[in-house]
Amino acid sequence: MKSVVIEQPGKLVIEERPLPMPSAGEVRVKVRLAGICGSDSHIYRGHNPFARYPRVIGHEFFGVIDAVGEGVDEKRLGERVSVDPVISCGQCYPCSVGKPNVCTSLVVLGVHRDGGFSEYAVVPAQNAWSIPDAIPDRHAVMVEPFTIAANVTAQAAPQEQDVALIYGAGPMGLVTVQALKGVYKVKQVIVVDRIEERLAMARRSGADWTINNGERPLADALAEAGVKPTLIVDAACHPSILQEAITLASPAARIVLMGFSSDPSQIVQQGITGKELAIFSSRLNARKFPVVIDWLAKGAIDPEKLITHTFDYQHVSDAIELFEKDQRQCCKVLLTFQN
């Protein structure tokens, strides 16, 4: 089989590898589609501190089960599945309180263990989630990105009366827009970004108001409209955002951080306690695949609005380069492996 391998930072090859066999409790997935995420780019460029090389990247992927290991029901052969990349121990404290996404022994497919940019991938059977026939392949491969929004919203508990502000109209900001509007029916969702084309994508995904903070300060725009956000999601992850969010937030608001910036943020504690703000963080997803599959089945979200490009996997280098450089026209890029 062919696999996309990052041999070392900056060196990507398509390598012939032996066909893997599933061990007990595992299934082999014949991959049909995979999505490119920023973390794939970071591993390729050597900017992910968790990655070890060589590594088959890819943690957003969909396919069909074509082999099962011992203890797995053979009736699962032929099943269309989307794969949850989060592998946890099930025993540690985070796992015991429903947060396997921060398991003390966390393994993420495509980061700590070979992932889905391959013609075949072996994964734990419990991580392969069945996809209803009514959900097309192109939407099934998008389950994992939407689980990021499902994890954020599970923590922040959006209400219809919320006024939500999302920093960043990249893929993670856009899936959150769709969740807030399509699932939670939040009355006003505001998106701020500096790229007009991304703001247009936000409006297509349901944003009620978009603000280009490269043209005018966000604080001025909100003050002029008399708006105090009650729910703020940072999907842009610049160190300066947290303090601005604290300043702009309504009393009793919730703030959710999605980023992995290693640079320090300078904040004034009084702004948090004075308003009794709640600050959450969100990483990966905590068993949110069935939640998103249900959203898709009900038509509450529309992945098609985010998919902008499709490449054959043999052109993966071109696909990643496009993803990195064309932030105006490019959102989600899919790789096709086989029909």
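First select every other residue whose beta carbon is under 12 angstrom from the beta carbon of L218; then total the charges, Lys and Arg +1, Asp and Glu -1.
Summing Lys/Arg as +1 and Asp/Glu as -1 gives -3.
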Original post:
Between A252 and C89, what length comes free when the chain is fully extended (0.36 nm per residue of separation minus the Cα-Cα distance, one decimal in nm)?
Top reply: 55.1 nm
**OP:** Go ahead and set up a Gaussian network model of the chain, Cα springs under 10 Å, then flag whichever of D193, D133, D234 fluctuates most.
**Re:** D133
**OP:** May I ask you to order 159-170, 141-152 by the average number of other C-beta atoms within 10 Å around their residues, highest value first?
**Re:** 141-152, 159-170
**OP:** Please calculate the 1.4 Å probe accessible area of C92, with all protein chains present, and give it to the nearest 10 Å².
**Re:** 20
Original post:
Got a sec? Charge dipole of the chain, +1 on Cβ for Lys and Arg, -1 for Asp and Glu; which of S41, V107, I272 is way out at the positive end?
Top reply: I272
**OP:** Subtract the Cα-Cα distance of E7 and Q338 from 0.36 nm times their separation in residues, and report this length gain in nm to one decimal.
**Re:** 116.8 nm
**OP:** Give the peptides 173-184, 265-276 in descending order of average Cβ contacts within 10 Å, highest first.
**Re:** 173-184, 265-276
Original post:
How high is the FRET efficiency between F280 and R328 when r is their beta carbon distance and R₀ equals 30 Å, given to the nearest 0.05?
Top reply: 0.45
**OP:** State the Cα centre-to-centre distance between segment 18-59 and segment 247-286 in whole Å.
**Re:** 31
**OP:** Would you work out the charge dipole size for the chain about its Cα centre, treating the Cβ of every Lys and Arg as +1 and the Cβ of every Asp and Glu as -1, and quote it to the nearest 20 debye?
**Re:** 420
Subject >> Mean ellipticity per residue at 222 nm, deg cm²/dmol - from DSSP H runs of n ≥ 4 across the chain, formula -39500 (n - 2.57) >> reply: -7000 deg cm²/dmol
Original post:
How are the Cα pair distances of the chain distributed, in percent, across 20 Å bins from 0?
Top reply: 31, 58, 12, 0
Original post:
Angle, helix 143-156 long axis vs. longest principal axis of the chain, Cα atoms, 0 to 90°, nearest 10?
Top reply: 40
Original post:
Heavy-atom accessible area of H47 with all protein chains present, probe 1.4 Å, nearest 10 Å²?
Top reply: 130
Subject >> With Cα atoms, 0 to 90° folded angle of helix 289-298 axis to the chain main axis >> reply: 80
**OP:** Measure out, as a whole number of angstrom, how far apart the alpha-carbon centroids of segment 90-131 and segment 173-202 sit.
**Re:** 28
Original post:
Which one of I232, A200, L335 has its Cα pushed farthest toward the positive end of the charge dipole of the chain, where Lys and Arg give +1 and Asp and Glu give -1 at the Cβ?
Top reply: I232
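Expected output is a single nm value to one decimal: the length gained when fully extending between A219 and D294, i.e. 0.36 nm times separation in residues minus the C-alpha distance. What is it?
On the way: separation 75, 0.36 × 75 = 27.00 nm, distance 3.69 nm.
Computed gain between A219 and D294 is 23.3 nm.
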Original post:
So what's the net charge close to E304: Lys and Arg +1, Asp and Glu -1, counting the other residues with Cβ under 13 Å from its Cβ?
Top reply: +2
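Where a ≥ b ≥ c are the square roots of the eigenvalues of the C-alpha gyration tensor, would you call segment 18-155 rounded, which needs a/c under 1.5, or, failing that, prolate if a/b is larger than b/c, or oblate?
Working: a/c = 1.28, a/b = 1.20, b/c = 1.07.
Note, shape of segment 18-155 comes out rounded.
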Original post:
Taking K332 as the anchor, which lysines have their alpha carbon closer than 18 Å to its alpha carbon, excluding any fewer than eight residues away along the same chain?
Top reply: K305
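The values are calculated or read from the model by the stated rules, or taken from the named source; none is laboratory data. Note that the structure is predicted; figures quoted are calculated from it, not measured. Quick reminder, even Gly has a Cβ in these numbers, built from the backbone with ideal geometry, and neighbours come from all protein chains shown. Please note that ligands, DNA and RNA were not included when accessible areas were found on the heavy atoms of the full protein model with its side chains. Shrake-Rupley method; radii C 1.70, N 1.55, O 1.52, S 1.80 Å.
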